[in-house]
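*Asks:* Supplied in structure tokens, the structure appears directly below.
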Amino acid sequence: MPSLIVEPPNTQRFIMDRDDRKRNKNIGKNFMCRLQCMFSHSSSSESRLSLEDTQQWSQSLEKLLESKYGLATFRNFLKSEYSDENIEFWLTCEDYKKIKSSFRMSSRAKKIYEQFIKAESPKEINIDYHTREQIKRNVKTPTMHCFDDAQKIVYGLMERDSYPRFLRSDIYRTLLESLAADAMKG
């Protein structure tokens, strides 16, 4: 009777681990290429993704969001988890605060309310009833600060929940490993 040759479980795990490392390395390289392509038109000193910049993202959510590559990476991570409404709302509020025209502000405030604040809205953010009702009243006569309370709540949620998950994610760890390996090569 012919015997079946079966590899020991440890060998199989080693092969799987090696394959996973290769796949993650490629994911990191592909993601770096996509990020750099997204910003290739930039002529600033931050035109290339660096290991130092990427390491600084772990210092705070603020540092991550200040970096164009950090922001793009974080947004991609949140999209991959189907939880990008918070960052989209936060960024929309940052843009909203730059509006000078009262007509544009009124129009934009209503759109933000319909998209993010209103119960059952397409990208409804997780805020308490009191804040939601206050914004509903504020939108009737909007100011540049009418979304501030909700924006603070959302930032806090991202800081306590999404950001730590991002730092533990394969996307971030693989990107760091890939940049570190490139730095070692010179």
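*Asks:* Have a look at Ser106, Ser102 and point out the one that is of a type in the set (S, T, N, Q), farther than 25 Å from Leu64 by Cβ and either open to solvent by less than 20 Å² (accessible area, probe 1.4 Å) or modelled with pLDDT under 95 (or both). It would help to see each step written out before you state the result.
*Replies:* Details: Ser106 fails: either open to solvent by less than 20 Å² (accessible area, probe 1.4 Å) or modelled with pLDDT under 95 (or both).
Selected residue: Ser102, the only one of Ser106, Ser102 that is of a type in the set (S, T, N, Q), farther than 25 Å from Leu64 by Cβ and either open to solvent by less than 20 Å² (accessible area, probe 1.4 Å) or modelled with pLDDT under 95 (or both).
*Asks:* Determine the pairs where a residue that is in a helix (DSSP H, G or I), located within the range 120-131, has a partner that is open to solvent by less than 70 Å² (accessible area, probe 1.4 Å) with Cβ atoms under 7 Å apart, the partner being 6 or more residues away or on another chain.
*Replies:* Going by the 7 Å Cβ cut-off, the qualifying pairs are Thr131/Ala150; Thr131/Ile153.
*Asks:* Give the residues of the range 132-149 that are open to solvent by 40 Å² or more (accessible area, probe 1.4 Å) and not in a helix (DSSP H, G or I), sorted by residue number.
*Replies:* Matches in the range 132-149: Lys140, Thr141, Thr143, Met144, His145.
*Asks:* Moving on to the next point. Does Ile153 fit the bill of being closer than 13 Å to Phe89 by Cβ and more than 24 Å from the chain's Cα centre (by Cα)?
*Replies:* Working: closer than 13 Å to Phe89 by Cβ: yes; more than 24 Å from the chain's Cα centre (by Cα): no.
The answer is no for Ile153.
The values are calculated or read from the model by the stated rules, or taken from the named source; none is laboratory data. Every value quoted in this text rests on a predicted model; they were computed, and no experiment measured them. Methodologically, a virtual Cβ is constructed for each residue, glycine included, from the backbone with ideal geometry; neighbour enumeration extends over all protein chains shown. Heads up: the accessible areas ignore ligands, DNA and RNA and are worked out on the full protein's heavy atoms, side chains in. Shrake-Rupley method; radii C 1.70, N 1.55, O 1.52, S 1.80 Å.
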